[in-house]
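Notes follow once the structure below has been shown.
Read the figures in this text as sums done on the coordinates, not as results from a lab. Note that this is a predicted model, so its numbers are computed, not measured. All Cβ positions, glycine included, derive from the backbone under ideal geometry; neighbour counts span all protein chains shown.
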Amino acid sequence: MACTNQSDSHLRLLGHDSTLMVGQSVSLTLGGDSLLIVDERAMRRSDRACCGLVPKPTNKVTHSIALYNVLDTSVSSAGLTIIYAEAAGKHDISVTALQYPVSEEEKKNVETWTQKLLTLAYGDAKRYKRLKILINPFGGKGTAAKLYRTYAEPVFAAAHCEIDVQETTHGGNATEIAEQIDVNAYDAIVCCSGDGLPYEVFNGLAKKPNAREALAKLAVAMLPCGSGNAMAWNLCGTGSVSVAALTIVKGVRMPMDLMSVTQGTTRTLSFLSQSFGIIADSDLGTENIRWMGAHRFTYGFLMRLLHRAIYPCDLAIKVIMDDKTSIKNHYNTYVNSIPPVPSTEDIKENEGLPPLTYGTVLDDVPKDWQVVPGDTMGNFFAGNMAIVSKDTNFFPAAVPNDGLIDIVTVDGTTSRSKILGMMTEVPEGTFFDMPEVDIRKAVAFRLTPREKEGYISIDGEKVPFEAFQVEIHKGLGTVLSKSGHLYEAPGPKP
């Protein structure tokens with residue numbers, strides 16, 4: 001804690017209540033996006049007065065704290081305390097504080113100023129969130145519990161969040177917990193995991209008799225503690241647990257599309273993606289070399305590419321747009337639109353999941369769906385979020401709440417050099433415009449593999465290798481995001 005003593009405890013408010021003067025030497029000014037501190041004693045961090053020591057006299061210093069980083073303030077017998085997050089290393093933040101003495105007669109004015117500070121610091125975000133923390137002790141490298149307690153818990157405590165922590169004990173346990181949860185007891189469920197736990201949570205909420213209300217009221221968030229952390233990259237823009245915790249504290253509720261996936265008579269929800277072909281094969285087909293970490297996917301991809309893998313299938317899509325210029329225009333229109341406001345007003349009591357507009361995979365394919373040739377399919381990837389893994393903005397035109405699925409297909413007869421080049425084009429942001437890449441926005445699709453064995457991935461999870469149908473539900477889910485409107489990813493290049 002950065003501790004600051006003053007010989008003169010006189011405080012006064014200046015500049016339309018935006019500036020607080022501490023003694024005759026320190027002023028705290030509320031700016032548009034930062035708290036500006038002017039300290040005429042110019043205490044370097046190593047010289048700051050603490051525990052009664054007198055600082056060396058030096059020149060005036062000005063520094064600022066981003067309002068986004070301010071976690072809480074208090075006025076007590078100890079004085080004014082401002083708790084905030086500051087950079088700690090290249091990728092993390094840590095909790096620290098400033099403290100200033102306050103005389104009894106000035107407390108009321110100081111309290112008024114601190115309330116204004118908190119109002120600016122939190123904006124549309126709810127303060128003191130009630131968080132149900134689910135920790136998957138088995139995911140990733142098995143370090144989720146340690147990551148949470150080291151990097152996230154101090155941030156939540158400093159922001160005075162109400163937390164209820166529970167470790168999952170087996171696969172599917174998060175689904176069971178979410179199915180039984182009191183939707184009025186928490187503001188959000190925070191998954192300390194990879195993308196597997198949010199998948200379970202969404203499906204647990206979907207099992208409740210009041211599924212629509214549950215999915216609208218309870219936001220789902222993630223602390224990136226797994227091997228695949230797409231949700232955190234999309235909503236928080238980071239793979240850092242501490243920065244993600246700050247984003248959750250300051251997170252704004254945002255409606256997000258969810259997708260129904262049917263296989264046989266089974267219906268599940270998907271929030272991220274569905275893949276078939278070389279990407280699903282490279283991911284799920286390399287479980288035996290997990291020791292390679294993130295490199296196993298690259299290794300699996302290259303090995304399959306050398307053998308020019310083809311994944312024949314039957315594919316039909318309810319296409320809304322398949323022209324890249326139209327898709328870019330759609331994205332730009334969404335970006336410039338008014339952010340949606342989550343609401344539960346239109347939800348009926350004990351209303352379950354919305355009915356399926358296009359039936360299930362067991363029904364006939366609707367006649368107005370576009371049949372896409374799949375004899376030489378190389379890769380099929382459908383997404384609801386832009387980023388599928390770190391540095392992989394695979395669906396740059398994806399937005400949270402447009403009621404459309406982004407679908408990418410690549411023919412398996414494309415040259416090896418072109419497909420290999422796609423791996424570098426994705427992080428460069430030029431993948432979207434490659435002529436070998438077909439992109440569609442759709443509301444539903446059905447894919448039927450022609451072979452007997454292979455891999456299908458739903459949100460990174462292996463599902464039976466059989467026909468599946470997907471349709472999207474606009475704004476069915478709720479998440480906490482940094483912007484409240486967009487994913488933390490650049491859109492397609494103009």
message: Cut-off under 27 Å on the C-alpha distance; same-chain residues fewer than 8 positions from residue 208 excluded. Which lysines are left, in chain and number order?
response: 126, 129, 132, 217, 348, 462, 474
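Helix-only estimate, please: 222 nm mean residue ellipticity of the chain, summing -39500 (n - 2.57) across DSSP H runs of length 4 or more and dividing by its residues, to the nearest 500.
Numbers: 12 runs with 111 residues, N = 494.
Per the formula, -6500 deg cm²/dmol.
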- request: Quick one: which residues, 5+ away or cross-chain, put their amide H under 5 Å from the amide H of residue 411? H built at 1.01 Å from N.
  value: 378
- line: Once the dipole of the chain is set up from charges on Cβ (+1 Lys and Arg, -1 Asp and Glu), the residue from the list 467, 34, 193 lying farthest towards its positive end is 34
- prompt: Once amide H atoms are built 1.01 Å from N in the peptide plane, which residues 5 or more positions from residue 240, or in another chain, come under 5 Å H to H?
  reply: none
Spacing of the two label points (7 Å from each Cα toward its C-beta) at residue 483 and residue 62, in nm: 3.1
- request: Please state, as a whole number in µm²/s, the translational diffusion coefficient that the Stokes-Einstein equation yields for the chain at 20 °C and 1.002 mPa s, with Rh defined as the Kirkwood radius across alpha carbon pairs.
  value: 87
query: Short version: what are the Cα gyration tensor semi-axes of segment 424-490, square root of 5 times each eigenvalue, largest first, in whole Å?
result: 26, 21, 13
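Treating only the Cβ atoms of Lys and Arg (+1) and Asp and Glu (-1) as charged, compute the dipole magnitude of the chain about its Cα centre; round to the nearest 20 debye. Let's see the in-between values first.
Working: 47 positive and 56 negative charges, 209 e Å.
Dipole magnitude for the chain comes out near 1000 debye.
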field: Positive-end residue, the chain charge dipole about Cα centroid, Cβ charges, pick of 214, 66, 259
entry: 66
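Under a Cβ-only charge scheme (Lys and Arg +1, Asp and Glu -1), can you give me the dipole magnitude of segment 406-475 about the Cα centre, in debye to the nearest 20? Mind showing how you got there, number by number?
On the way: 9 positive and 13 negative charges, 39 e Å.
Charge dipole, segment 406-475, about its Cα centre: 180 debye, nearest 20.
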query: So what's the net charge close to residue 360: Lys and Arg +1, Asp and Glu -1, counting the other residues with Cβ under 13 Å from its Cβ?
result: -2
task: Show the residues, 5+ positions off or on another chain, whose built amide H is closer than 5 Å to the amide H of residue 374.
output: 313, 315
field: Inter-label distance, nm, simple model (7 Å from Cα along the C-beta direction), residue 474/residue 370
entry: 2.0
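Taking N as the number of residues in segment 58-205, what value does Rg over Cα atoms divided by 2.2 N^0.38 Å take?
Values: Rg = 19.0 Å, N = 148, 2.2 N^0.38 = 14.7 Å.
That works out to 1.29 for segment 58-205.
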- prompt: Under the Karplus relation 6.51 cos²θ - 1.76 cosθ + 1.60, θ = phi - 60°, what is the ordered set of whole-Hz ³J(HN,Hα) values for segment 215-222, x standing for Gly and Pro?
  reply: 5, 7, 7, 8, 6, 10, 9, 9
- line: Sequence order, segment 448-456: Karplus ³J(HN,Hα) from phi using 6.51 cos²θ - 1.76 cosθ + 1.60, θ = phi - 60°, Hz rounded, Gly and Pro as x, gives 10, x, 9, 8, 8, 10, x, 10, 10
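What is the local net charge at residue 338, summed over the other residues whose Cβ is closer than 14 Å to its Cβ (Lys, Arg +1; Asp, Glu -1)? Don't jump to the answer; show the numbers that get you there.
Values: positive: none; negative: 124, 402.
Net charge in that neighbourhood comes out at -2.
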query: Stretch residue 415-residue 345 to full length: gain in nm at 0.36 nm per residue minus the Cα-Cα span?
result: 19.9 nm
- request: Have a look at 415, 361, 445 and report the one farthest towards the positive end of the charge dipole of segment 340-494, computed about the Cα centre with Cβ charges (Lys/Arg +1, Asp/Glu -1).
  value: 415
query: In sequence order, what are the phi-derived ³J(HN,Hα) couplings for segment 440-445 according to the Karplus relation 6.51 cos²θ - 1.76 cosθ + 1.60 with θ = phi - 60°, rounded to whole Hz, with x for glycine and proline?
result: 9, 10, 9, 10, 6, 7
